[in-house]
Amino acid sequence: MTVASASPYGTLPASSPAASRKPVSLPRLREMHAQGDKITMLTAYDATFAAVADAAGVECILVGDSLGMVCQGLSSTVGVTLEAMRHHTECVARGLRRAQATAWLIADLPFGSYHESKEQALRSAAVLMQAGAHMVKLEGGGWTTETVRFLVERGIPVCAHLGLTPQTVHALGGYRVQGRSDEAAAALKAQAHALQDAGADMLVLEMVPAALSAALTKELTHCPTIGIGAGVGTAGQVLVLHDMLGMNLGKMPKFVHNFMTEAHSVQGAMQAYVQAVKQQRFPVDALHAW
């Protein structure tokens with residue numbers, strides 16, 4: 001007999017990815033990584049879209065500081081405050097709870113909220129964890145390694161972020177691919193290994209050459225990589241929600257695919273994204289990577 005699961009956004013059939021999925025946890029993410037099951041992640045900034053993404057089978061929901069650009073109309077993520085991140089994290093967490101969702105919730109530590117000291121990072125992370133996050137994400141390598149270790153030792157799961165780090169876009173000279181030269185690639189690899197050794201449980205690689213991302217993914221044995229503009233060889237993929245729905249206030253990045261063109265609903269577009277990532281049909285290196 002087919003049993004449907006309840007959702008405030010309609011009845012999900014038993015075949016729906018959310019109908020039979022185990023709750024996503026750190027052990028579950030590690031299990032997926034070990035089995036070669038691609039991890040799917042989308043951003044969300046409010047209760048409704050978070051619940052719909054979960055119903056579509058997305059394993060990880062990221063409350064990204066990209067909200068500054070897609071929700072607040074800022075030109076970069078630099079102006080996003082910790083209070084804004086707390087507010088949107090609470091909204092997403094409420095939506096997931098109301099929908100009895102199973103997704104893993106990650107929240108960005110915004111610019112200036114962890115740069116001063118490890119203690120500042122802990123206070124900021126505590127704000128987001130108390131708002132409902134299961135994990136926090138911070139950008140950069142090198143100086144962040146000890147901050148990651150400090151947070152992990154205190155029971156806060158951390159997702160690191162290397163390659164193009166939007167919070168330092170002005171220092172990088174724009175939204176440019178990172179790790180192209182042998183020297184830059186070696187530095188990125190060294191930072192990634194140091195972050196894994198410090199206890200990072202996940203690593204976003206943004207706008208990193210596909211060959212470098214694939215090689216690094218194989219080297220990192222217990223820290224799954226999540227790519228965005230980093231090729232199909234990463235352990236999982238993430239996109240900004242508005243981008244993958246074809247809504248963007250500026251130029252659409254090369255690494256984005258508009259999943260609404262082949263779907264009849266937002267949830268259908270998200271399901272198409274999940275299936276494409278799982279089946280390694282997205283991204284296509286020749287189209288979406290460097």
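Bear in mind these aren't lab numbers, they're just calculated from the coordinates by the rules spelled out. Keep in mind the model is a prediction, meaning the values are calculated, not measured. Counting neighbours? That spans all protein chains shown, and the Cβs are built from the backbone with ideal geometry, glycine included.
Among the DSSP helices (H) of the chain, none spans at least 15 angstrom by Cα along its long axis with an average Kyte-Doolittle hydropathy of 1.6 or more; this is a geometric and hydropathy rule only.
Counting every Cα pair in the stretch 124-255, what percent are over 23 Å apart? That tail contains 33 percent of the Cα-Cα pairs. Neighbour counts of C-beta atoms inside 10 Å place H115, H222 in the sequence H222, H115, starting with the fewest. Highest mean packing comes first when the peptides 50-60, 136-146, 200-210, 155-165 are listed by Cβ atoms within 10 Å, giving 50-60, 200-210, 155-165, 136-146. For the stretch 82-138, the alpha carbon convex hull comes to 58 Å³ per residue, rounded to a whole number. This ranking places S265, S76 by how few other beta-carbon atoms lie within 10 Å of each, fewest first, which gives S265, S76. When only alpha carbons of the chain are considered, Rg and Dmax amount to 17.7, 59 Å. Helical runs (DSSP H, four residues minimum) scored at -39500 (n - 2.57) apiece and divided by the length of the chain put the mean residue ellipticity at 222 nm at -11500 deg cm²/dmol. Report the percentage of all Cα-Cα pairs in the stretch 184-290 whose separation exceeds 25 Å, rounded to a whole percent. The answer is 24 percent, as a whole percent.
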